[in-house]
Amino acid sequence: MESIAVVTGGAGGIGLAIAGKLAQSHEAVYIADLHPERLSRSQEYKSLVSEGRIRAYHCDVTQSGDVMQMASFISSKGKIRTLINNAGATDCGSLQELTSESWRREISLNLDAAFVCFHAFAEKLKLNRGVVVNITSVNGFSVYGNPAYSAAKAGLIHFTKSIAVEYGKFGVRANSVAPGTVRTSIWNVKIQENPKLFDDILQFYPLGRIVNPQDVADAVMFLVSDQAAAITGVCLPVDCGLTAGQAPMARTLTQSDSY
Ligand SMILES: NC(=O)c1ccc[n+]([C@@H]2O[C@H](COP(=O)([O-])OP(=O)(O)OC[C@H]3O[C@@H](n4cnc5c(N)ncnc54)[C@H](O)[C@@H]3O)[C@@H](O)[C@H]2O)c1
């Protein structure tokens, strides 16, 4: 039987990089995405797609019926070893702009969907001593705008711990990865509003650069691998130092040019 990984939102910037990595250690990686057609436009992963190592499946992860169908189809294709809950998005920047409808929409996509997908694959993951990685965000730790998205991402960190503690006895591991800013299509609208946005935020990143999708994929690959066999329930920031602290603030407080 084939060993299979599932990546929700896998046709996007981070998801596709993760799928490309996981194709090294799984016989097939299924991408469950609202826009699976994006996969056919990718030049970088063209050969993995044509060899059937990365496969697309249309699924709206906010619809439990869609998720159940997707899980039953993919489970019939092989051994589910890995689930990456990666689908996510936000379009509401502040509490004052939020409506209850957009709050519910963002919680539904960024938190509820991860539960629904985990639930749909839980029995298979138990059987196969599987691994779950939830893609959260630095927004799950501190306020960087987008309050509903951030509350969902904070919830995802806790949900990850719940899986780790309750399913550990079945050999299932669950961890989350919290990226800082990553240059992907999630930023398309904001970049139109401020084409210099990625330059303007560099001052907040101790490494002087932002994250790229491969950085996130490398962290996921590690957490999925046997090298992380003793690691479960943690949240790994992949954030170029953002959440470690702020050099401009340290400089102001200490009046030291060392920062
Ligand atoms: N890009 C960043 O700066 C950044 C930072 C921290 C965390 N993240 C997280 O990383 C994950 C991936 O984001 P990305 O930057 O690759 O964005 P992206 O927009 O490139 O990809 C997101 C993918 O999710 C899919 N998707 C959206 N709604 C869906 C639904 N209802 N059902 C199925 N698929 C759906 C989209 O079609 C898209 O392919 C998200 O969870 C995001 O919150 C991104």
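The values are calculated or read from the model by the stated rules, or taken from the named source; none is laboratory data. In this text, all values refer to a predicted model and were calculated from it rather than measured experimentally. Ideal geometry is used to build each Cβ from the backbone, glycine not excepted, and the neighbour counts take in all protein chains shown. Heavy atoms of the whole protein, side chains included, go into the accessibility calculation; ligands, DNA and RNA do not. Shrake-Rupley method; radii C 1.70, N 1.55, O 1.52, S 1.80 Å.
Going by the conditions given, is G15 on the phi > 0 side of the Ramachandran plot, near the ligand (Cβ under 8 Å from one of its atoms), at pLDDT 95 or above and under 20 Å from the mean Cα position of the chain (by Cα)?
Numbers: on the phi > 0 side of the Ramachandran plot: no; near the ligand (Cβ under 8 Å from one of its atoms): yes; at pLDDT 95 or above: yes; under 20 Å from the mean Cα position of the chain (by Cα): yes.
No; evaluated as a whole, the condition is false for this residue.
So, restricting to helices (runs of 4 or more DSSP H) that lie completely within the range 178-259, which ones have at least 3 residues that are crowded, with 16+ Cβ neighbours inside 10 Å and of a type in the set (A, V, I, L, M, F, W, C)? Give the steps one after another, and end with the answer.
Values: elements: 188-193, 197-200, 213-224, 247-254.
The qualifying helices (runs of 4 or more DSSP H) are 213-224.
What residue, among those in the range 21-37 that are part of a loop (DSSP other than H, G, I, E, B) and either among the small types (G, A, S) or open to solvent by less than 70 Å² (accessible area, probe 1.4 Å) (or both), is nearest to A217 (Cα to Cα)?
A23
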Name the single residue that is most open to solvent (accessible area, probe 1.4 Å) among those in the range 38-85 being within 23 Å of Q214 (Cβ to Cβ), among the charged types (D, E, K, R) and free of Cβ contacts under 8 Å to residues at least 24 places away in the same chain.
R41
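Is it the case that V7 is in contact (Cβ under 8 Å) with a residue 60 or more places away in the chain, of a type in the set (A, V, I, L, M), within 19 Å of L109 (Cα to Cα) and within 13 Å of the ligand (Cβ to nearest atom)?
On the way: in contact (Cβ under 8 Å) with a residue 60 or more places away in the chain: yes; of a type in the set (A, V, I, L, M): yes; within 19 Å of L109 (Cα to Cα): yes; within 13 Å of the ligand (Cβ to nearest atom): yes.
So V7 passes the test.
Determine whether T99 is open to solvent by 20 Å² or more (accessible area, probe 1.4 Å) and touching a residue at least 40 places away in the same chain (Cβ under 8 Å). Full working, then the answer.
Working: open to solvent by 20 Å² or more (accessible area, probe 1.4 Å): yes; touching a residue at least 40 places away in the same chain (Cβ under 8 Å): no.
When the stated conditions are applied, T99 does not pass them.
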Residues satisfying the stated conditions in the range 34-54, i.e. over 22 Å from the mean Cα position of the chain (by Cα) and of a type in the set (G, A, S):
S47, S50, G52
